[in-house]
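**Student:** First the structure, then my questions, so here it is.
The values are calculated or read from the model by the stated rules, or taken from the named source; none is laboratory data. Here the structure is a predicted model, which means the values were calculated and not measured. Reconstructed Cβ throughout: ideal geometry from the backbone, glycine too, with neighbour counts over all protein chains shown. Note: accessible area is taken over every heavy atom of the protein model, side chains too, but ligands, DNA and RNA are not part of it. Shrake-Rupley method; radii C 1.70, N 1.55, O 1.52, S 1.80 Å.
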Amino acid sequence: MATINRVLPIDLRSDTVTTPSAPMREAMAAAEVGDDQYGEDPSARRLEEAVAALFGFAEAMFVPTGIMANHIGIRLQVGPGEELICDADAHIVAHENGGLAAHAGIQTRTLPSARGLMDPDALAAMIRVGDRYTVGTRAVEVENTHNRGGGAVYPLETLQRIRALTDASGIGLHLDGARIWNAHAAAGVPLREYGAIAHTMSVCMSKGLGAPAGSLLLMPEGRSEEARSLRRRLGGSMRQVGILAAGAHYALENNLDRLSQDHENARRIATALRDAGASVREPETNIVLVDTEDAPAVAKECFGRGVRISAFGPKLLRIVTHLDVSAQDCDTAADVVSSVLMQSPERG
Ligand SMILES: *Cc1c(COP(=O)(O)O)cnc(C)c1O
């Protein structure tokens with residue numbers, strides 16, 4: 001059943017394309033379930049408690065997607081007409097379809113940042129106190145690892161400086177940790193250290209960890225009722241969600257320790273492409289970015305040759321490794337991508 005995860009093409013568009021393995025499906029099939037809207041799903045409860053404890057938070061809430069986790073976490077700290085500061089390439093402003101503005105009336109002000117990692121001094125200069133004439137900053141959002149930044153990892157010390165800034169201003173800090181597992185695997189920073197810098201934090205179970213769906217919002221004591229009410233308002237409250245939670249729990253227990261293999265595979269691809277003459281940004285985790293003149297044309301040509309990669313912008317390719325591709329698959333893919341890049345008129 002689950003052995004036919006992928007035949008062709010080799011799919012490196014995202015680490016969201018993984019499909020649940022046979023043992024993950026068994027864990028899901030065996031899950032004890034109940035109605036989560038009554039708070040009666042034991043598998044969801046167990047996962048929430050486990051992930052909250054891992055990061056040192058008092059409460060956690062399972063949600064269908066990372067976008068919803070970010071939305072609710074930020075909404076707990078920033079109200080309509082108030083301001084959130086984040087980097088200019090943040091997932092919350094690039095890829096969440098304006099949700100913070102549309103659903104919550106939140107103003108985002110952005111700081112252009114190399115690889116998406118904000119400079120604390122530049123950030124300090126942006127935070128402002130509100131008055132009758134000026135919109136005040138209510139919270140700051142950081143993303144780790146940074147998706148559009150090519151899976152870039154924040155140094156822990158930078159995060160701690162950002163937290164000190166927000167404390168000094170009496171404002172909140174939300175961490176988009178959809179890819180925090182990769183940061184942990186790459187930097188060796190304990191998950192609790194990451195948890196300690198944020199007031200609220202989202203983590204995704206369906207990227208590198210390979211669960212079919214689900215994210216969690218982590219939050220301090222006393223915010224859970226409000227968070228559950230917001231989840232319901234957004235239409236994200238589910239019933240026998242333990243089937244998904246069990247898949248996520250399986251992913252946590254079995255797929256966290258192997259993430260460094262994905263990072264190794266990303267470096268393999270980057271090295272092969274660079275050796276072939278392509279303009280590659282050195283990967284820090286499982287995302288390889290390649291600059292090229294016509295990214296959509298290159299992605300299309302690669303697809304025709306059995307390798308799927310993303311045009312992440314008109315001149316930017318994104319290649320993402322994950323648990324459903326082997327080192328061998330990555331070598332094959334690198335051969336295909338480099339031959340397409342090198343044959344195109346602009347030469348990568
Ligand atoms: C994927 C991702 C999200 C959103 O997750 P969805 O489950 O697709 O809603 C948020 N932030 C980052 C950094 C991501 O990579």
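**Student:** Would you pick out the residues in the range 145-184 that are open to solvent by less than 40 Å² (accessible area, probe 1.4 Å) and either among the charged types (D, E, K, R) or within 18 Å of G210 (Cα to Cα) (or both)?
**Tutor:** T145, N147, G151, D176, G177, A178, R179, I180, W181, N182, A183
**Student:** Can you say whether V142 is surrounded by fewer than 23 Cβ atoms within 10 Å (Cβ to Cβ), under 17 Å from the mean Cα position of the chain (by Cα) and among the β-branched types (V, I, T), as far as the supplied structure shows? Spell out the reasoning first.
**Tutor:** On the way: surrounded by fewer than 23 Cβ atoms within 10 Å (Cβ to Cβ): no; under 17 Å from the mean Cα position of the chain (by Cα): yes; among the β-branched types (V, I, T): yes.
No; evaluated as a whole, the condition is false for this residue.
**Student:** Select, from A125, A186, A213, the only residue that is part of a helix (DSSP H, G or I), among the small types (G, A, S) and either farther than 20 Å from D89 by Cβ or away from the ligand (no atom under 16 Å from the Cβ) (or both).
**Tutor:** A125
**Student:** Could you tell me whether A53 is at pLDDT 95 or above, in the same structural domain as R192 (by TED's automatic domain parsing), surrounded by fewer than 23 Cβ atoms within 10 Å (Cβ to Cβ) and farther than 15 Å from L175 by Cα?
**Tutor:** Criteria met by A53.
**Student:** Scanning the range 71-112 for residues that are open to solvent by less than 30 Å² (accessible area, probe 1.4 Å) and farther than 19 Å from R231 by Cβ, which turns out nearest to the chain's Cα centre (by Cα)?
**Tutor:** Ranking the candidates gives A90 first.
**Student:** Hey, can you tell me all the residues within the range 207-264 that are closer than 17 Å to A60 by Cα and out of contact with any helix residue (DSSP H, G or I) (no Cβ under 8 Å at 6 or more places or on another chain)?
**Tutor:** P220, E221, G222, R223, S224, E225, E226, R228, S229
**Student:** Same structure, new question: Can you tell me how many residues in the range 319-343 are touching a helix residue (DSSP H, G or I) at 6+ places or on another chain (Cβ under 9 Å) and open to solvent by 20 Å² or more (accessible area, probe 1.4 Å)?
**Tutor:** 8
**Student:** Name the residues in the range 216-245 that are assigned to a helix (DSSP H, G or I), within 20 Å of G177 (Cα to Cα) and away from the ligand (no atom under 16 Å from the Cβ), would you?
**Tutor:** S224, A227, R228
**Student:** Separate question: V33 versus (1) part of a strand (DSSP E or B); (2) away from the ligand (no atom under 16 Å from the Cβ): which is the lone unmet condition?
**Tutor:** Going through the list (1) part of a strand (DSSP E or B); (2) away from the ligand (no atom under 16 Å from the Cβ), V33 breaks only (1).
**Student:** Now for a different question. Can you pull out the helices (runs of 4 or more DSSP H) entirely within the range 248-346 that have at least 3 residues that are under 22 Å from L209 (Cβ atoms)?
**Tutor:** Details: elements: 259-275, 295-304, 327-343.
In the range 248-346, 259-275, 327-343 are the helices (runs of 4 or more DSSP H) which contain 3 or more residues that are under 22 Å from L209 (Cβ atoms).
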